[in-house]
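As structure tokens, the structure follows; a few thoughts come after it.
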Amino acid sequence: MPLAPDSRLPTPDYLLHLADNALILGHRNSEWCGHGPILEQDIAITNISLDLIGQSRYLYQYAASIMGEGATEDSLAYLRDVREFKNYLLLELPKGDWAVTVLRQYFFSQFQILQYRALQQKQDIQLSAIAEKAIKETVYHLRWSKEWVIRLGDGTEESSRRMNKAVDYLWSYTGELFMPSKFEIACAETEIGVDPATLKDEWYASVQQVFAEAALTLPSQGWTQSGGKEGVHTEHLGFILAELQFMQRAYPGNEW
Amino acid sequence: MSFQSRKFFYGDIPDDGAGDSVNSQPSISENNWPLWEVFIRSKQGLDHKHAGSLHAADAQMAIENARDVYTRRMEGISIWVVESKYIHASNPDEAESFYEPANDKVYRHPTFYVLPEAVKNM
């Protein structure tokens, strides 16, 4: 997107990456709405969805104001195609069973809390304010998802089997969280953004602690899936966007 | 004639191929999660008021569920939960003997005192 680079502002790519993460996971979690067999947890996961979608709105609005040229939060969420989305692959994977959903939420909330806390200390006032607001929500997401990981991991034979299966499924997608992209390195150099590689040790230490409590074995850090930040996605993202964007694609400019 | 029973767990959607264990131990489901009563304090200085009830596996989860179910619109700053089975209630059938004897004991109200001028409300 052609725009004059201003080193005092976050690059649109960086903001879109942060926003896409929140939107896509928010959308995935929202698939539980009305399907949780327990009313109370149905509401909990839907609350988390709404928090994440709210975070994505602030970030899209900020990105749109920097991008100009008629960009709006709606055009950024509804009118970009798969290759333009920069979210982590982890977040677009199908919601799976409850173990997959809560483990993914835990992995990401544990990452997000570190990322937001670091962002809060950075130079960009707007982004720092968005981070500050999001931290309060994220602390709760982390607490809630951690509880569930421990509860299922250290629960019955069945819950432990499911949680172990979820670990096997999701683990190879966690390495991508810490692989910095060009736009992250650029924003980190100007003291506006965070290089995610700097969050890695703390993230692993926290996860290790929770896994110990949950009687789960931490897999080794081996080969990892990646590509999301560069727009190279799994086949799942296209299906999410088809559902998410259908109305605006079929009836451009439609409002209700 | 015997039926193969397929077991579903929390989070399974019956038509997506989940629920693969057959006849294993009982699941933790809504059926055996205990009921909890929730009390919310809306602001400092006020009492906790009964807000409703919900299901949860333990106290920790009950408080978190209460936060999600009963404080979505800034209704509270403090939550108490207690398992419903620990609430002992008076028997509605005994209402007559319980409450009506108080009906004609007007002297229990402080209405026979002359209030000083300065006291506007009591």
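General remarks:
- The lone criterion from (1) closer than 24 Å to A:Phe211 by Cα; (2) surrounded by 20 or more Cβ atoms within 10 Å (Cβ to Cβ); (3) within 14 Å of chain B (Cβ to nearest Cβ) left unmet by A:Trp32 is number (1).
- Among (1) more than 14 Å from A:Ala118 (Cα to Cα); (2) at pLDDT 95 or above, the one test that A:Ala186 misses: (2)
- Any hit, the stretch A:67-77, residues being outside any helix (DSSP H, G or I) and buried (at least 17 other Cβ atoms within 10 Å of the Cβ): yes
- Flag if A:Thr224 is among the β-branched types (Val, Ile, Thr), within 20 Å of A:Asn29 (Cα to Cα) and surrounded by 13 or more Cβ atoms within 10 Å (Cβ to Cβ): no
- Any chance A:Ala242 is surrounded by fewer than 17 Cβ atoms within 10 Å (Cβ to Cβ) and modelled with pLDDT of 95 or more: yes
- Qualifying residue in the stretch A:43-53 (condition: free of Cβ contacts under 8 Å to residues at least 60 places away in the same chain, within 21 Å of A:Asp13 (Cβ to Cβ) and touching a Ser or Thr at 6+ places or on another chain (Cβ under 6 Å)): no
- A:Ile43 falls short on exactly one of the conditions (1) touching a helix residue (DSSP H, G or I) at 6+ places or on another chain (Cβ under 7 Å); (2) at pLDDT 95 or above, and that condition is (2).
- Of the residues A:Tyr88, A:Tyr58, A:Tyr106, A:Tyr62, the single one that is more than 29 Å from A:Glu147 (Cα to Cα) and either more than 13 Å from every other protein chain (Cβ to nearest Cβ) or at pLDDT 95 or above (or both) is A:Tyr62.
- Residue that is surrounded by the fewest Cβ atoms within 10 Å (Cβ to Cβ), among those in the stretch B:71-87 that are hydrophobic (A, V, I, L, M, F, W, C) and within 14 Å of the chain's Cα centre (by Cα): B:Ile87
- Tallying residues that are within 13 Å of another protein chain (Cβ to nearest Cβ), over 19 Å from A:Arg143 (Cβ atoms) and without any contact (Cβ under 8 Å) to a residue 12 or more places away in the chain within the stretch B:41-73 yields 1.
- For the stretch B:32-90, filtering for residues that are of a type in the set (Ser, Thr, Tyr) and in a loop (DSSP other than H, G, I, E, B) leaves 3.
- Filter result for the condition that a residue is under 20 Å from A:Leu199 (Cβ atoms) and either at pLDDT 95 or above or part of a loop (DSSP other than H, G, I, E, B) (or both), over A:Thr101, A:Thr138: A:Thr138
- Single condition B:Trp80 does not satisfy, out of (1) more than 17 Å from A:Glu40 (Cα to Cα); (2) away from chain A (no Cβ under 14 Å): (1)
- Any hit, the stretch A:197-211, residues being among the polar types (S, T, N, Q), over 27 Å from A:Gly227 (Cβ atoms), within 14 Å of chain B (Cβ to nearest Cβ) and without any contact (Cβ under 8 Å) to a residue 40 or more places away in the chain: no
- Lone unmet requirement of (1) of a type outside the set (Asp, Glu); (2) more than 26 Å from A:Leu50 (Cα to Cα); (3) buried (at least 17 other Cβ atoms within 10 Å of the Cβ) for B:Ser90: (3)
- A:Arg143 among the basic types (Lys, Arg), part of a helix (DSSP H, G or I) and in contact with a Phe, Trp or Tyr (Cβ under 9 Å, 6 or more places away or on another chain): no
- Residue count, the stretch B:104-122 (criterion: among the acidic types (Asp, Glu) and more than 39 Å from the chain's Cα centre (by Cα)): 1
The values are calculated or read from the model by the stated rules, or taken from the named source; none is laboratory data. Just so we're clear, the structure is a prediction, and the values are computed from it rather than from any experiment. Because the Cβ atoms are built from the backbone with ideal geometry, glycine has one as well, and the counts that use them run over all protein chains shown.
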